[in-house]
Structure formats: structure tokens, C-alpha cells
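Comments concern the structure below.
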Amino acid sequence: MLNPGPVYLVIAEAIRKEIISERLAPHTRLDSEPELARRHQVARETVRRALSRLSDDAVIYRRRGSGSFVAEPRVAQDLQQLFSFTEFMEYMGLRPGSKLLEAGVLRISDPESPILHWLRLKPGAKVVHLRRLRLGSGEPLVVASTWLPETMFRSFLKKDLRRHSVYEVMEQMGRKPSHATQTIEAVTLGEAEAKLLTVPAGSAALLIRRVGYSHGVPVEYAVDYYRGDRTRFRVRLGALEPRPSGA
């Protein structure tokens with residue numbers, strides 16, 4: 001028989017499965033440590049280690065003097081894959097949604113604009129600009145701003161942006177990004193973004209800037225604010241290859 005691993009990890013996994021199966025809804029109070037210890041026939045310290053593991057993984061949260069509670073599920077996205085928000089929500093089993101906040105064509109004259117820089121455009125160039133609130137099963141998760149070179153997407157705003165994702169429309173126009181570069185930083189939300197995401201101003205968020213490329217040409221510049229309490233990102237890492245001697 002295979003060794004299932006340390007007992008506290010086995011108990012943590014059992015509780016995790018209960019939560020995932022939705023038998024335990026968000027903010028449900030878990031049984032007390034003594035009750036869990038009796039149920040699993042282990043020492044209370046073993047239960048405490050299991051709960052600490054779940055807390056570290058943001059599966060539960062703890063309130064001093066009140067116990068442990070089921071946390072709101074976080075949307076976990078792999079950074080090594082490029083797909084639209086709609087595709088990602090469907091992959092996670094959530095219902096994708098979007099509210100279009102702004103849509104139009106802008107002329108950008110500021111030579112220091114990061115939009116011009118990343119899209120390799122000259123001052124005075126026009127861009128298609130979209131600002132959307134992205135939803136997962138009705139809950140606001142992301143405030144997304146997108147800029148596209150107008151010369152490549154002149155009929156973009158004529159498409160049905162309420163029924164199709166930006167990447168779907170870009171694909172229809174033969175310019176869907178095949179790869180992208182992203183930077184991620186931790187920020188606090190200002191009043192405007194916080195109100196849209198239904199969290200208090202000053203709440204933690206992840207700011208993601210993305211440049212999407214099609215056939216080596218930049219076709220998308222995006223700035224997205226992700227709710228910090230509902231989002232986490234995963235990245236697969238490999239060992240650093242040793243540099244050849246003399247390199």
C-alpha cells in the first residue's frame with residue numbers, strides 16, 4: 001500500500017474535498033479542533049497543523065476566538081498559457097460575463113504614452129479603447145482596459161462586443177495574439193476601481209500589464225486590475241541551467 005503521506009496532510013485534503021464538493025459553502029464555520037480531532041481520531045495538534053495548511057493555501061480563514069471558516073474560492077490562473085478571460089472562466093466552470101464601460105477610438109498625442117510605446121505607434125496615432133468589468137458567475141473580478149491599433153482594427157467597434165470576447169473578435173479579424181508578455185505587481189485600489197469591484201477603497205489587487213503579439217507584431221496593450229481576495233496566479237518553474245564555462 002502506498003504511503004498516503006503525513007496524517008495532517010491527509011486530514012487537510014479530506015476537508016479540502018468537502019469544500020470543493022460544495023458541501024461546505026463560503027463562510028461556513030468548520031467544526032472545532034476538538035470535534036475534528038475526535039472525528040479523525042488524531043491528536044488536536046495534528047488537526048491544528050491541517051487547518052494551518054488550509055489557511056496557508058487560502059482555502060479557509062481563521063478568526064481568533066471564533067474558529068475556522070471556509071474562504072471564498074480564488075480563481076487560479078496559469079501564467080504559462082494565453083487565453084481570453086471568457087475561455088478561462090469556462091475552463092474554471094464559472095459563467096463568464098462582461099459589462100462594457102467604455103468603447104471608442106482615441107487619438108494619442110503624448111510621445112511618452114506607454115500605449116504608443118508598447119504598440120510601437122507614433123504620436124497622433126489612433127487606438128481602439130475598451131474598458132470592461134469582467135464577471136465570474138455574476139461576481140465582479142477584473143476591471144480591464146484594452147488598447148488596439150486602430151489601423152488594424154477599424155471595424156472592431158462594429159462587432160457585438162457584448163456576446164463575443166475581445167480575443168474572439170481579434171481572431172475573426174486575423175489578429176488574435178499568439179503570445180504575450182505580462183508584468184504583475186501588487187497595488188491597492190483607488191475609489192473608482194474599488195467601487196466597480198465591490199470592495200473597499202484601498203483593498204489589495206493585482207495589476208497586470210500585457211502586450212499581445214500576432215506574428216511578432218504588437219496588437220494589444222492591456223491594463224487589468226484583478227481583485228486580490230479572489231485571484232491567484234500559478235507559474236511552472238524549472239531549474240536554472242548552469243551557464244557554460246567561458247560564456
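The values are calculated or read from the model by the stated rules, or taken from the named source; none is laboratory data. Keep in mind it's a predicted model, so treat the numbers as computed, not measured. FYI the Cβ positions are ideal-geometry reconstructions off the backbone, even for glycines, and counts take in every protein chain you see.
Here are a few things to note about the model shown:
The rows are residues; the columns are (1) part of a loop (DSSP other than H, G, I, E, B); (2) loosely packed, with under 15 Cβ neighbours inside 10 Å; (3) touching a strand residue (DSSP E or B) at 6+ places or on another chain (Cβ under 8 Å); (4) modelled with pLDDT under 90.
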residue: ALA12; (1), (2), (3), (4): no, no, no, yes
residue: LEU24; (1), (2), (3), (4): yes, no, yes, yes
residue: ALA37; (1), (2), (3), (4): no, no, no, no
residue: LEU51; (1), (2), (3), (4): no, no, yes, no
residue: GLY65; (1), (2), (3), (4): yes, yes, no, yes
residue: PHE69; (1), (2), (3), (4): no, no, yes, yes
residue: GLN77; (1), (2), (3), (4): no, no, yes, yes
residue: GLN80; (1), (2), (3), (4): yes, yes, no, yes
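- Residues located in region 53-63, provided they are surrounded by fewer than 13 Cβ atoms within 10 Å (Cβ to Cβ) and under 17 Å from VAL10 (Cα atoms): ASP56
- Taking region 184-202 as the range and being in contact (Cβ under 8 Å) with a residue 24 or more places away in the chain and buried (at least 17 other Cβ atoms within 10 Å of the Cβ) as the test, the residues that pass are LEU189, GLU193, LEU196, LEU197, VAL199.
- Among the residues of region 39-49, not one is outside any helix (DSSP H, G or I) and of a type in the set (D, E, K, R).
- Total residues in region 117-165, condition in a strand (DSSP E or B) and hydrophobic (A, V, I, L, M, F, W, C): 12
- Among the residues here, VAL169 qualifies as part of a helix (DSSP H, G or I), buried (at least 17 other Cβ atoms within 10 Å of the Cβ) and in contact (Cβ under 8 Å) with a residue 12 or more places away in the chain.
- Scanning region 214-235 for residues that are of a type outside the set (D, E, K, R), modelled with pLDDT under 90 and either surrounded by 15 or more Cβ atoms within 10 Å (Cβ to Cβ) or under 9 Å from the mean Cα position of the chain (by Cα) (or both) turns up TYR226, GLY228, THR231, PHE233.
- Scanning region 114-150 for residues that are without any contact (Cβ under 8 Å) to a residue 12 or more places away in the chain and buried (at least 18 other Cβ atoms within 10 Å of the Cβ) returns a single hit, LEU116.
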